[in-house]
Amino acid sequence: MNRVHFAVLFLLGIAMLAAQSGCAHFAREQLYAPPVGPVITPDWSGPEPDRISVTTEDGLDLAGFYWAPMNGNPDIILVLHGRRDNAGRMAGYIQRLAEDGRGVLVASYRGFNDNRGSPSEDGLITDAQAFYRFAREAAGAQGDVYVFGHSLGGAVAIQLAARETLSGVMTLATFSDLGEAAPYFSEIFIPDSWESIVALNSVEEPLLFIHGSDDDYVEPGHSRRLFRTTCSLAALAIIDGVRHRPNFRLIAPLITGWVDALENGQVEEISIEGAASWESKPACDAA
């Protein structure tokens, strides 16, 4: 079946489903497709996180996992998971970060993790803001709040940074805009845009874009475009041999190393060893 035939069949299928349930609703269901079934508790390699709950501005209670800061370090990293993922699985991936001493807060979204509600762009941003408020209060006056997002979570992180004050933003395998990443022709029917490349105009925080060179789900060109577009202090790491799934054996040291360098004023001097490429640039007004 060639590309044109596939597109015609896809459009016909969408049209039939739209007549029954509404095209926007169906398109969102296909876009976000939260995992079905209970959230499985990961195997913890160290201290277990606390189970916490936040309440959004529109009254939804959302579950999360939280490792409080240790060793006198008040900073907190807010973690936003990707499409077809959940907070439990992400907490299992990300737990290496808690070994650093900074607090780690893993968020969930409406419609995910057995939470009430249906996912949408505005809804997920509202959810991230609720977890941000928790992190900001927990960090206190002396602590910094950073955000890390994987895939769709990276788009949420950029939108959060356009609305709230953060100390740094880190993304992994995220897209520059949904229209570029969505399946052929499907972007016509998706009511959410997730235009990260546009949102960067409102982001002043330092940015770290991470991508696997072998990611064929969201191609590395998306992170390259985001890196070239931003006017913030920014870095781009392309890791050889890595695909779309988060590999925190490689990524956790990169995240903590970048945050350490940022806090010590040495971020422009950082580099990474091994099979990876690294680029950095100053903020536009510092160039």
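The numbers here are math on the coordinates, done by the rules we state, and not lab data. Note that this is a predicted model, so its numbers are computed, not measured. Positions of Cβ are generated from backbone atoms using ideal geometry, with glycine treated the same way; all protein chains shown enter the neighbour counts.
See the values below:
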{"item": "Leu78 long-range amide H proximity, modeled H, under 5 Å", "result": "Leu105, Tyr146, Val147, Phe148"}
{"item": "Karplus (6.51, -1.76, 1.60) ³J(HN,Hα), θ = phi - 60°, over the stretch 276-281, in Hz, Gly and Pro reported as x", "result": "7, 10, 9, 10, 9, 8"}
{"item": "Rounded to whole Hz, the Karplus (6.51, -1.76, 1.60) HN-Hα couplings of the stretch 101-109, x for glycine and proline", "result": "x, 5, x, 10, 10, 9, 8, 10, 10"}
{"item": "In sequence order, calculated HN-Hα J values of the stretch 161-167 (Karplus, 6.51, -1.76, 1.60; Hz; x Gly/Pro)", "result": "5, 6, 10, 10, 8, 10, 9"}
{"item": "14 Å beta-carbon shell around Ala235, net charge (K/R +1, D/E -1)", "result": "-2"}
{"item": "Burial ordering of Leu236, Leu105, fewest other beta-carbon atoms within 10 Å first", "result": "Leu236, Leu105"}
{"item": "Relative exposure of Cys284, Cys231, judged by other C-beta atoms within 10 Å (fewest first)", "result": "Cys284, Cys231"}
{"item": "Compactness of the stretch 72-187 - radius of gyration and Dmax, Cα, Å", "result": "14.1, 51"}
{"item": "Order of Ile238, Ile210 under a 10 Å beta carbon neighbour criterion, fewest first", "result": "Ile238, Ile210"}
{"item": "The stretch 110-267 - Debye-derived log10 I(q)/I(0), Cα point model, q = 0.12 Å⁻¹", "result": "-0.51"}
